[in-house]
Amino acid sequence: MSKILVLGSTGNIGWPLVQDLYEKDGVTVVAGIHRHVTPAMKQLGVPTVRFDFLDAGTFEPALAGVDKVFFVRPPQLAHPEKDMLPFLQAVKTHNIKQVVFISLMGVEHNPMVPHRKIERMIVDMDLPHTFIRPSFFMQNLTTSHGVDLRLRHDLFVPAGNAKTSFIDARDIAAAAAVVLTDPQYLGQALTITGPEALTYQQVAKIMTQVTGVKITYSKPSLMRFRRTMLKRGIKKDFVNVMVMLYVITQLGNAKVTNEVLSQIIGRPGRTIADFARDEVKPTL
């Protein structure tokens, strides 16, 4: 029996992952909860434990009896040496068999992004690990950029004319569920992408066709995007990381596609049209 701690368990990846693991034989899943247990979590009946990366007092109760840990970097935590290292040090003392971290496609070439710093800490600490390096989450369009999409029916994203191999967070969760229960993936860094690379203009067109609502792509400059996000009260560290990632996108580094996802989960990844039908249309 494997006991797996899923942190960020109510998020776009964590929640479908909890559901996937709950259905697997030989697995006990524990959901790390930052604030409140959701009604859906209560209905599923998964054990929960309070967890906060910035509160060391939550580490020991969360890690008790656990042999595998899954986590993502909370977007607001932009300083891994301060925000994440104490938790990883606690993980080290528990002889965890596997740490699965959701990183970022191309991170091995970008030492300044927080994801790469976290990867290096895990490696330097000699923690048994698997890194999942997905391309840009489709769900970012309804979360980080959701205000503009819902209120203005616009993709306010500083990606220029570059293409992005969007991936659905539900597919990332499906891959993580396999990785956490199949030992062949231990020690690997897995870059996974969606099935096709699209410009944001193409995404807007597909969303328009699927939803019946005219969606535009305003293509702001990096500076305009940064100013707008700061005016909305979004923390500067978070905005700076977003800008850094869109610089990478404009350079063409987000357009890579591969078949790794389908090889792991045994089916093709979801498309932007699938995402628009399932998660965009109901919000417009």
> So which of LYS163/LYS231; LYS68/LYS255; LYS117/LYS231; LYS82/LYS163 end up more than 30 Å apart, counting from Cα to Cα?
Replying inline: LYS68/LYS255; LYS82/LYS163
> With θ set to phi - 60° and the Karplus curve 6.51 cos²θ - 1.76 cosθ + 1.60, what are the ³J(HN,Hα) couplings of region 78-95 in order, to the nearest whole Hz, using x for Gly and Pro?
Replying inline: 9, 10, x, 4, 9, 8, 10, 4, x, 5, 5, 5, 5, 4, 4, 6, 9, 6
>> Given points 7 Å out from each Cα along the Cα-Cβ axis, report the LYS231 to GLU196 separation in nanometres with one decimal.
In response: 3.5
> Given labels modelled 7 Å from the Cα in the Cβ direction, how far is it in nm from LYS214 to ASN95?
Replying inline: 6.5
> Of all DSSP beta bridges in the chain, what percent run antiparallel (nearest 5)?
Replying inline: 5
>> Leaving out ligands and nucleic acids, and using a 1.4 Å probe, what accessible area per residue does region 156-222 come to in Å²?
In response: 36
>> Roughly how far apart, in whole Å, are the Cα centres of region 206-262 and region 124-148?
In response: 13
> Under the Kirkwood approximation applied to all pairs of distinct alpha-carbon atoms, what is the hydrodynamic radius of region 133-242 in Å?
Replying inline: 15.6
> Along region 102-110, what does the Karplus equation 6.51 cos²θ - 1.76 cosθ + 1.60 (θ = phi - 60°) give for ³J(HN,Hα), rounded to whole Hz, x for Gly and Pro?
Replying inline: 7, 9, 8, 4, x, 5, 5, 9, 10
> Can you put TYR22, TYR217 in order of accessible area, largest first, using a 1.4 Å probe?
Replying inline: TYR22, TYR217
>> Ranking request for peptides 251-261, 11-21: highest mean number of other beta-carbon atoms within 10 Å first, then the rest in descending order.
In response: 11-21, 251-261
>> If I fit a long axis through the Cα atoms of helix 236-250 and take the longest principal axis of the Cα atoms of the chain, what angle between them do I get, 0 to 90°, rounded to 10?
In response: 60
> Taking amide hydrogens as modeled 1.01 Å from N in the peptide plane, which residues meet the under 5 Å criterion relative to THR216, leaving out close sequence neighbours?
Replying inline: ASP154, LEU155
> With all protein chains present, how much of the accessible area of region 13-150 (probe radius 1.4 Å) comes from carbon and sulfur, to the nearest whole percent?
Replying inline: 53
>> Output needed for the chain: three equivalent-ellipsoid semi-axes, defined as square roots of 5 times the C-alpha gyration tensor eigenvalues, in descending order, whole Å.
In response: 31, 21, 19
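The values are calculated or read from the model by the stated rules, or taken from the named source; none is laboratory data. Since we're looking at a predicted model, the values are computed, not measured. Because the Cβ atoms are built from the backbone with ideal geometry, glycine has one as well, and the counts that use them run over all protein chains shown. Note: areas computed on protein heavy atoms with side chains; ligands, DNA, RNA excluded. Shrake-Rupley method; radii C 1.70, N 1.55, O 1.52, S 1.80 Å.
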